[in-house]
Amino acid sequence: MRLNFLDMTIQQARDTLAAQNIEPYRAEQLADWVYRKAVTDPAAMTSLPSTVVGLFDILTSRVVARAESADGTTKLLLEYPDGQRVETVLIPAGKRATVCLSTQVGCAMGCGFCASGLGGLKRNLTCGEILQQVIHLRQATGRRITGAVFMGMGEPLANYDATVAATRALIDPQRFGLSARAVTLSTVGLPGRIRRLARENLPITLAISLHAPNDALRRKLTPAASVASIEQILAAAAVFFASRKREVTLEYVLLAGLNDTNVCAEALARLAKRLRCNVNLIRYNPVPSMPYAAPTAAAAKAFLARLRRRGVNAHLRRSRGADIAAACGQLRQTAGTGQ
């Protein structure tokens with residue numbers, strides 16, 4: 001079984017080459033082709049002998065389907081050798097292009113408003129399988145990737161080691177070379193893993209999918225939240241902030257008649273004021289078979305205004321790719337638009 005180059009650090013690749021009596025510097029050459037140029041065809045790697053590229057696998061997944069949004073968002077459905085599938089998204093914004101990465105096939109968190117967990121959790125992705133999404137999206141769009149968000153399918157901190165390894169690859173100057181400030185990891189809130197992440201020396205942004213201002217409502221919307229209280233999650237988030245001095249983001253999907261009331265806004269404001277954070281509000285993106293609705297644009301703006309009057313740094317995030325089911329909460333394991 002061959003090693004996957006995307007699962008390795010540059011030093012590990014150098015060591016592998018040296019063990020085969022091949023010049024270790026070839027690892028940097030291969031990294032340039034793969035990470036900087038997004039070239040994965042060995043025949044196109046003209047500066048490398050076949051003995052080098054023959055040692056490694058690079059892309060083990062294939063693009064099964066592609067969908068293009070009217071707003072420029074691109075979504076790919078990828079299939080891995082075992083038949084498991086994930087969706088991944090590229091979101092353009094002027095000269096910037098951000099990839100939305102999946103870390104698991106399916107999801108075990110069971111959020112009632114998210115399509116990714118409808119089939120349950122199938123398995124974790126490896127570091128290399130996560131990074132393959134970046135390369136596929138670059139090859140499909142020709143865009144230079146400038147940012148990454150772990151907001152696709154799965155709970156990143158439930159696949160901790162692979163997610164951290166992929167994050168290191170994204171910000172490694174010898175690999176993807178992204179600014180750490182352009183990388184965001186979104187979690188439903190696993191306090192122990194958040195505290196562990198705080199010790200990793202990764203100056204990335206932490207986003208917490210809160211979605212409710214109290215434990216009772218949060219348990220209804222996010223079943224996995226029952227293992228940790230909001231108090232425990234915010235305490236862990238404060239540890240992360242202290243380690244990096246980077247503001248934490250609280251993500252809050254607005255569901256009509258459930259968590260978009262004035263009472264909820266006031267309670268959320270009190271939570272947000274306890275932490276160096278900003279709040280990202282997202283109007284619910286509809287998923288067939290799920291019994292929720294998005295609040296009106298006016299109601300969402302009123303909720304936002306109430307937070308701001310309380311001194312909260314809050315924003316109403318515009319959903320991208322909703323017409324191809326590529327927006328927040330809509331990613332699945334099916335082809336085409338994901339419906």
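Taken together, Ala182, Ala236, Ala228 contain a single residue that is buried (at least 23 other Cβ atoms within 10 Å of the Cβ), assigned by TED's automatic domain parsing to the domain that holds Cys127 and in contact (Cβ under 8 Å) with a residue 12 or more places away in the chain, which is Ala236.
Considering the stretch 201-217, and only residues there that are surrounded by fewer than 19 Cβ atoms within 10 Å (Cβ to Cβ) and more than 18 Å from the chain's Cα centre (by Cα), the residue that is farthest from Thr146 (Cα to Cα) turns out to be Ala216. Filtering the stretch 233-251 for residues that are in contact with a helix residue (DSSP H, G or I) (Cβ under 8 Å, 6 or more places away or on another chain), among the β-branched types (Val, Ile, Thr) and part of a helix (DSSP H, G or I) leaves a non-empty set. Note on the stretch 150-174: residues that are crowded, with 19+ Cβ neighbours inside 10 Å and not in a helix (DSSP H, G or I) total 6.
Scan Leu78, Leu30 and give me the residue that is without any contact (Cβ under 8 Å) to a residue 60 or more places away in the chain, of a type outside the set (Asp, Glu) and touching a Ser or Thr at 6+ places or on another chain (Cβ under 8 Å).
Details: Leu30 fails: touching a Ser or Thr at 6+ places or on another chain (Cβ under 8 Å).
Every option except Leu78 fails the conditions.
The residue pairs whose first member lies in the stretch 119-147 and is in contact (Cβ under 8 Å) with a residue 24 or more places away in the chain and in the same structural domain as Tyr80 (by TED's automatic domain parsing), whose second member is buried (at least 18 other Cβ atoms within 10 Å of the Cβ) and among the acidic types (Asp, Glu), and whose beta carbons are closer than 7 Å, counting only pairs six or more residues apart or on different chains, are Thr126/Asp7; Cys127/Asp7; Gly128/Asp7. How many residues, within the stretch 31-55, are under 16 Å from Leu3 (Cβ atoms), surrounded by 16 or more Cβ atoms within 10 Å (Cβ to Cβ) and among the small types (Gly, Ala, Ser)? Looking only at that region, the number is 1. Scanning the stretch 297-315 for residues that are within 21 Å of Phe113 (Cβ to Cβ), in contact (Cβ under 8 Å) with a residue 12 or more places away in the chain and surrounded by fewer than 19 Cβ atoms within 10 Å (Cβ to Cβ) turns up Ala297, Ala299, Lys301, Leu304, His315. The residue of the stretch 59-87 that is nearest to Leu17 (Cα to Cα), among those that are β-branched (Val, Ile, Thr) and crowded, with 20+ Cβ neighbours inside 10 Å, is Val86.
Of all residues assigned to the stretch 280-288, at least one qualifies as being buried (at least 19 other Cβ atoms within 10 Å of the Cβ), in a strand (DSSP E or B) and modelled with pLDDT under 95. Of the strands (runs of 3 or more DSSP E) contained entirely in the stretch 1-112, those carrying at least 2 residues that are of a type in the set (Gly, Ala, Ser) and touching a Gly at 6+ places or on another chain (Cβ under 7 Å) fall at 62-68.
So, in the stretch 15-30, of the ones that are surrounded by fewer than 19 Cβ atoms within 10 Å (Cβ to Cβ) and not polar (S, T, N, Q), which residue ends up nearest to the chain's Cα centre (by Cα)?
Let us first name the residues in the stretch 15-30 that are surrounded by fewer than 19 Cβ atoms within 10 Å (Cβ to Cβ), namely 15-16, 18-25, 28-29.
Filter once more, so that each one left must be not polar (S, T, N, Q): 15, 18-19, 22-25, 28.
Working: Asp15: 30, Ala18: 34, Ala19: 35, Ile22: 36, Glu23: 36, Pro24: 33, Tyr25: 32, Glu28: 27 Å.
If we take residues in the stretch 15-30 being surrounded by fewer than 19 Cβ atoms within 10 Å (Cβ to Cβ) and not polar (S, T, N, Q), then Glu28 is nearest to the chain's Cα centre (by Cα).
Summed over the stretch 289-323, the residues that are modelled with pLDDT of 80 or more, part of a helix (DSSP H, G or I) and under 21 Å from the mean Cα position of the chain (by Cα) give a count of 0. The number of residues in the stretch 10-24 being closer than 18 Å to Tyr35 by Cα and in contact with a strand residue (DSSP E or B) (Cβ under 8 Å, 6 or more places away or on another chain) comes to 1.
Of all residues in the stretch 150-167, those that are modelled with pLDDT of 95 or more and charged (D, E, K, R) have Cβ atoms under 7 Å from Cβ atoms of residues that are buried (at least 24 other Cβ atoms within 10 Å of the Cβ) and in a strand (DSSP E or B), 6 or more apart or on another chain, in Glu155/Gln104; Glu155/Thr187.
The values are calculated or read from the model by the stated rules, or taken from the named source; none is laboratory data. All of these numbers come straight from a predicted model, not from anything done at the bench. Note: ideal-geometry Cβ built from the backbone for every residue, glycine included; neighbour counts use all protein chains shown.
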